[in-house]
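Worksheet: the structure to be examined is printed underneath.
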């Protein structure tokens, strides 16, 4: 039974159905007079048959009207009607799906201004309209009278589908118990007509969480699918009517032809769209398989780079140097670009440069919602990455991680590709971005209005790029043991940390960083709230990379006197608490203890004043050495 005959059989009674209806009605009349001869007075007969006959006539009339209506040419003017069966169901059971309804009044003057940018309107043979009502479709016909207007059909997403369905916090990446599968969003009907312009009206129902809206995503993916399905070589434009910006990494600002008010006109690269539409609809599946032994990617090495950023403190200089070393050890020859601000001294810049980083000096960007001198005051400086427009793709990495296996193949992934974090969010510690000045401007335009869930750049970026692509967690594996992890889980993580040859691609060091600990053991063991980050195996792996660096770069990982005192203080506190791991018993042999880089070298004397005002922070106690000369590293 085809779709049309299916709903017709439901709505229109057949002869057998009518006969059954009469019999059931007649039976009810007989029950009323049970025990009496079958002798119904005329008035009783009337009461039994009068109303059913009227109802049957009404049913036939209504059914006939529906058939005429649905098979008339005018039904194609039902924007977002979906299949005729779904339209009937919505018409009977409650009308339009409120998730897809946009209350935005269309400013037709703005639409007209944007259409004028298309050039000769006569060149546009087909205009596809999605999610517009009948009166709005009439306006479109008035604006472009010479074009053929097609009200595009799209079934609604399942009512039980939520953003969490598309972006779950966790999926079984190893497929140990199940194969992750994304829920499906209905696709638009394939058209044989040429469409030069596809116009879509987007809902914006939730002012706070408007970008995490299933219907809004569905409509944009449907528009992209229609554009990507074009067979000819003619240009295709997409026009969105919306108060808020469309998905910025699906319809990029570089493809934005013009915007006027709530009208956005794009000329997308349909080949790029086709590639993006091959990816899972959300993070409910991996966009890159975990088990792929031969990841072959050539790309354009001159237009691709690894990048990181240092601002407001030099404490991560050693980490950045080690990260550069690990990238080179993995076999990558891509450029290494580091963004630094004026607070990073000439001395530290010289070390970064000799490690292979190309230095780019930036002006910091203040987080307007951060407290003065807070840890997150300047972390919006990361947005400067999008200004690296001499590259097409950037793999951003935090400065506190190691690349254990070559990840150059990630340059083949679109913006934003990253591992999952908590809830529906991605972790920005490793992510693929596509530099663009207009994307940078988009990030800057909204810093006063968008709230970051964690007060930092990761939370902010998750509000802008809600459509992201999950890569395996092995490509940004966190050095972290969850409280409550079973011993089997802990052992599995530990074996991953120490595997040789490595299984993990990237190991991300959380907690106190290895270069800020004694090299003898992971100092996270000595502080109860940091013990979830402690792993001697991972700690040792970082130091092996350190030792492989040119010896002249080791000085950038020296310990300041205050940090030595902090480590000894924590060790003594662990001894007092008699921590069962027993690391506080280890006799420290770290040679950096005997090397002083401060004006105050007796760090043990600092312990007498520990907890008092941090007088050891004064600048005169921490002078910067002179920069490394080129000659000193000429042999590296």
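Read the figures in this text as sums done on the coordinates, not as results from a lab. Since the structure is predicted, the reported quantities are computational estimates derived from the model, not experimental observations. For neighbour counting, all protein chains shown are included, and Cβ atoms are generated from backbone atoms with ideal geometry for every residue, glycine included.
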Item to complete: Work out the FRET efficiency for residue 610 and residue 208 from their Cβ-Cβ distance, taking R0 = 45 Å, and round it to the nearest 0.05.
Response: 0.50
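Restricting things to Cα coordinates, could you compute the convex hull volume per residue of segment 542-618 in Å³?
On the way: hull volume 9.0 nm³, N = 77.
Taking the convex hull of the Cα positions in segment 542-618, it is 116 Å³ per residue.
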Item to complete: Mind jotting down the three principal axis lengths of segment 491-530 based on Cα atoms? Whole angstrom, largest first.
Response: 29, 20, 17
Discussion item. I'd like to compare 473-483, 402-412, 148-158: which one has the highest average count of other Cβ atoms within 10 Å, and what's the full order after that?
Written reply: 402-412, 148-158, 473-483
Fill in: D_trans [Stokes-Einstein, Kirkwood Rh over alpha-carbon pairs] for segment 269-396, 4 °C, 1.567 mPa s, µm² s⁻¹
76
Worksheet item: When only C-alpha pairs under 8 Å and at least 6 residues apart count, what is the relative contact order of segment 180-333, in percent?
Response: 21
Practice prompt. Mind jotting down the distance between the C-alpha centroids of segment 247-316 and segment 462-496, whole Å?
Written response: 22
Worksheet entry | Peptides 186-193, 358-365 ordered by average Cβ neighbours within 10 Å, highest first | 358-365, 186-193
Worksheet item: Please state the relative contact order of segment 302-633 as a whole percent: Cα pairs under 8 Å, 6+ residues apart?
Response: 17
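Kirkwood hydrodynamic radius (Cα pairs, Å) of segment 302-633? Please report the intermediate quantities before stating the final value.
Numbers: mean 1/r = 0.0475 Å⁻¹.
About 21.1 Å for segment 302-633.
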Discussion item. For the pair residue 588/residue 254, report the inter-label distance in nm, with labels modelled 7 Å from Cα in the Cβ direction.
Written reply: 4.9
Response to the item:
Relative contact order of segment 178-247 (C-alpha contacts under 8 Å, at least 6 apart) in percent is 46
Discussion item. So if each residue of separation counts as 0.36 nm, and I subtract the Cα-Cα distance between residue 112 and residue 296, what length gain in nm does that give?
Written reply: 61.5 nm
Practice prompt. In Å and from the alpha-carbon atoms only, list the Rg and Dmax of segment 437-576.
Written response: 18.8, 56
Discussion item. Can you compute log10 of I(q)/I(0) for segment 245-314 with the Debye formula, treating each Cα as one identical point scatterer, at q = 0.12, 0.23 Å⁻¹?
Written reply: -0.61, -1.14
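Note the direction-averaged projected area, equal to a quarter of the hull surface, for the Cα convex hull of segment 183-269, in nm². Intermediate values should be presented prior to the final figure.
Working: hull surface 24.6 nm².
About 6.2 nm², averaged over all directions.
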